[in-house]
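Presented below is the structure to which this report refers.
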Amino acid sequence: MNEIEQRVAELNKLLHEYGYAYYVLDKPIVPDATYDQLLQELIALEEANPSLIYPDSPTQRVGGAVLAGFQKVTHTYPMLSLSNAFDEAGLRDFDRKIRQSIGDRFNYVCELKIDGLAISLRYEEGRFMQGATRGDGTVGEDITANLRTIRAIPLRLKEPVTIEVRGEAYMPKKSFEVLNNARSERGEELFANPRNAAAGSLRQLDPKIAASRNLSTFIYAIGGDGESYNIDSHSDMLDYLDHLGFPANREREICETIDDVLTFINKWTKERPSLAYEIDGIVIKVNRYAHQDELGYTAKSPRWAIAYKFPAEEVTTKLLDIDLTVGRTGVITPTAILAPVLVAGTTVGRASLHNEDLIREKDIRIGDTVIIRKAGDIIPQVVGVVLEQREEGSEPYAMPTECPACSSQVVRIDDDVALRCINPLCPAQIAEGVKHFVSRNAMNIDGLGDKVVEQLLREQLIANVADLYLLQIEQLVQLERMGTKSATNLVEAIEKSKNNSLERLLFGLGIRHVGEKAAKILATEYETIEALMQADAADLTNIHEIGDKMAESIVAYFANEEARILIARLQDVGVNTTFKGKKVTVEAGANPFAGKTIVLTGKLQQLTRNEAKVKIEELGGSVSGSVSKKTDLVIVGEDAGSKLDKAQSLGIEIWDENRLIENLQ
């Protein structure tokens with residue numbers, strides 16, 4: 001290494017150390033002028049020697065051209081959400097369930113819940129390679145260029161490890177104040193709160209804009225299994241993140257009991273305003289990974305963690321009217337129309353009333369002064385009435401006996417709390433059904449937004465979803481704000497959707513109780529829509545995860561003559577009605593994975609965990625993250641920990657990696 005290379009390496013090392021002390025530890029070890037002088041020296045050397053510009057150089061925080069858009073990123077490990085508790089009773093119930101499952105010999109880790117944007121960061125041999133948003137938990141957006149601008153995110157770790165971590169990007173209160181002051185001076189719309197400002201900053205296509213917003217971040221988890229890093233508890237994992245140079249929040253505490261947890265919560269409820277950033281609650285996690293494994297997961301969240309949300313801000317305002325909307329399943333939903341009021345940082349003019357029972361129970365009347373708060377600081381809802389301010393002569397509100405969209409009679413089905421229009425030709429239901437059919441997780445027809453769908457129905461260009469596939473460019477260009485290029489792109493997107501696999505179509509049809517997961521299970525099991533249409537309730541309930549209510553709903557849907565006509569029309573216009581995924585068709589006994597629940601633990605040498613998972617699932621197996629009595633097989637790699645111990649105690653079959661490879665071939 002010559003002198004210039006040595007100096008570039010030295011400057012990189014020094015600037016990383018100084019940046020870590022300043023932005024992560026908040027303890028500068030050199031004056032700003034010294035840092036700036038060294039940075040300028042590095043810039044000059046790199047400009048003269050471009051081959052010495054490394055991706056993790058401090059000079060590469062902001063660079064490159066404006067992006068054309070964000071690419072999709074599939075997370076190696078899903079980014080799960082947490083269930084919530086809103087009061088002491090909810091926390092004690094959470095604690096009771098934990099103790100019923102694993103006994104009393106455990107502790108919790110409490111952390112501040114940062115009010116920002118969830119992110120995932122991937123490092124290879126210690127170098128920052130990619131960053132993404134949470135998205136839907138499985139697929140996010142690549143925002144690497146914008147995340148590089150956050151100086152608290154290390155571009156190079158203190159050890160050359162390959163690791164994926166999770167965290168929260170946020171805008172400090174001071175940065176938020178400076179940003180909104182500048183926007184006010186320019187006459188621009190102000191951001192409602194720091195969370196919205198952070199999210200908006202990270203979705204800028206020009207990284208220089210993100211860099212100007214002075215964001216920061218806290219890292220709180222490793223993606224996947226801590227066993228791979230010889231870590232056996234959440235608290236040790238946070239210490240390990242500190243060791244690697246990540247900004248893990250230091251305001252954390254190990255709590256032995258739920259009373260200790262409540263003490264921590266009370267402390268930060270009082271001290272919350274003193275923080276330099278916004279928090280909206282406290283995250284509570286069972287500490288040891290062995291206990292987490294034993295507790296396992298629900299479909300959406302871990303059973304071993306919960307987020308306590310601070311009580312929502314409540315304000316009062318006038319209820320001007322009640323608006324009624326009809327959903328795709330005919331449910332009539334009342335919405336409060338309010339005199340605009342500021343709640344938790346945003347102006348609210350509408351709020352949820354849920355259903356007729358809630359209106360009757362709280363005796364909510366038009367003209368009342370009502371109490372508004374945001375559920376989880378997000379969804380505005382009416383929680384009560386200020387009876388002392390009720391106007392004389394006000395009348396109790398009565399829900400309609402007729403559908404507001406088609407005037408058909410409304411009914412309550414069985415013990416359902418909702419009023420429902422059961423007219424299958426109701427225009428509101430048709431509109432909502434089409435919007436659902438074209439949505440991203442259903443047929444995914446890009447360019448068919450709500451307003452376009454409403455125009456198509458209003459102009460009578462379509463009457464149902466099958467009509468979408470008959471649209472011509474000449475018809476579309478007659479719509480408002482629809483040029484030839486947009487019309488052409490839309491027709492191409494509609495045509496492309498014909499090739500979707502069956503599960504997308506099943507979800508798009510909007511069969512009651514059938515969500516994305518159930519649609520995939522049904523498509524995999526029956527493979528064609530014709531086979532599914534012939535299934536009876538008994539057949540359906542034999543399938544794992546298909547219950548009685550869902551089975552009855554599926555049978556009723558396909559028994560409807562209009563549904564059968566619609567499916568026939570979709571087939572006539574070329575929409576695929578078969579499953580295009582991989583179906584396991586092997587002789588009995590030939591495949592040791594089909595229908596079995598399998599757990600991977602320890603470090604594999606020949607495959608990554610994700611590669612092994614994909615191969616097992618292709619052969620019909622289900623890969624779980626925790627060992628239980630339902631586990632059929634545990635595959636162990638090097639340094640296998642508590643999962644191996646539990647498998648042995650339960651007498652579960654155990655394989656090493658070599659046997660796994662043999663059976664995958």
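The values are calculated or read from the model by the stated rules, or taken from the named source; none is laboratory data. Source: prediction; values computed, not measured. With ideal geometry, Cβ positions are generated from the backbone for all residues, glycine too; neighbour counts draw on all protein chains shown.
Overview of values
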{"quantity": "Tally, over segment 116-125, of residues that are surrounded by fewer than 20 Cβ atoms within 10 Å (Cβ to Cβ) and either closer than 17 Å to I306 by Cβ or touching a residue at least 40 places away in the same chain (Cβ under 8 Å) (or both)", "calculated": "2"}
{"quantity": "Residue within segment 210-226 that is assigned to a helix (DSSP H, G or I), over 23 Å from the mean Cα position of the chain (by Cα) and surrounded by 16 or more Cβ atoms within 10 Å (Cβ to Cβ) present", "calculated": "yes"}
{"quantity": "Residue within segment 99-109 that is farther than 30 Å from V623 by Cβ, at pLDDT 80 or above and surrounded by fewer than 15 Cβ atoms within 10 Å (Cβ to Cβ) present", "calculated": "yes"}
{"quantity": "Residue that is surrounded by the fewest Cβ atoms within 10 Å (Cβ to Cβ) [pool: residues in segment 334-346 that are over 25 Å from the mean Cα position of the chain (by Cα) and among the β-branched types (V, I, T)]", "calculated": "I337"}
{"quantity": "Residue within segment 295-307 that is touching a residue at least 12 places away in the same chain (Cβ under 8 Å), under 24 Å from the mean Cα position of the chain (by Cα) and in a helix (DSSP H, G or I) present", "calculated": "yes"}
{"quantity": "Any chance V348 is touching a residue at least 60 places away in the same chain (Cβ under 8 Å), of a type outside the set (S, T, N, Q) and assigned by TED's automatic domain parsing to the domain that holds D363", "calculated": "no"}
{"quantity": "Residues that are of a type in the set (A, V, I, L, M, F, W, C) and either without any contact (Cβ under 8 Å) to a residue 40 or more places away in the chain or in the same structural domain as G447 (by TED's automatic domain parsing) (or both), drawn from segment 510-542", "calculated": "A518, A519, I521, L522, A531, L532, M533, A535, A537, A538, L540"}
{"quantity": "Residues (exposed (fewer than 15 other Cβ atoms within 10 Å of the Cβ) and either of a type in the set (F, W, Y) or assigned to a helix (DSSP H, G or I) (or both)) located in segment 542-565", "calculated": "D548, K549, A556, A559, E561, E562, R564, I565"}
{"quantity": "Residues satisfying the stated conditions in segment 481-509, i.e. surrounded by fewer than 15 Cβ atoms within 10 Å (Cβ to Cβ) and in contact (Cβ under 8 Å) with a residue 60 or more places away in the chain", "calculated": "K498, N499"}
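A quick yes/no check of all residues on (1) outside the structural domain of L25 (by TED's automatic domain parsing); (2) β-branched (V, I, T); (3) within 20 Å of N249 (Cα to Cα):
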site: V139; (1), (2), (3): yes, yes, no
site: L147; (1), (2), (3): yes, no, yes
site: E164; (1), (2), (3): yes, no, yes
site: N180; (1), (2), (3): yes, no, no
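Matching residues to (1) of a type in the set (D, E); (2) outside the structural domain of G19 (by TED's automatic domain parsing); (3) part of a loop (DSSP other than H, G, I, E, B); (4) over 27 Å from the mean Cα position of the chain (by Cα):
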{"residue": "N249", "(1), (2), (3), (4)": "no, yes, yes, no"}
{"residue": "I254", "(1), (2), (3), (4)": "no, yes, no, yes"}
{"residue": "R272", "(1), (2), (3), (4)": "no, yes, no, no"}
{"residue": "A276", "(1), (2), (3), (4)": "no, yes, yes, no"}
{"residue": "H291", "(1), (2), (3), (4)": "no, yes, no, no"}
{"residue": "T317", "(1), (2), (3), (4)": "no, yes, no, yes"}
{"residue": "I322", "(1), (2), (3), (4)": "no, yes, no, yes"}
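So that you can scan it fast, the table gives a plain yes or no per residue for (1) farther than 17 Å from F579 by Cα; (2) among the small types (G, A, S); (3) out of contact with any Leu (no Cβ under 7 Å at 6 or more places or on another chain):
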position: K485; (1), (2), (3): yes, no, yes
position: R512; (1), (2), (3): yes, no, yes
position: G515; (1), (2), (3): no, yes, yes
position: A518; (1), (2), (3): no, yes, yes
position: Y526; (1), (2), (3): no, no, no
position: A538; (1), (2), (3): yes, yes, yes
position: S553; (1), (2), (3): yes, yes, yes
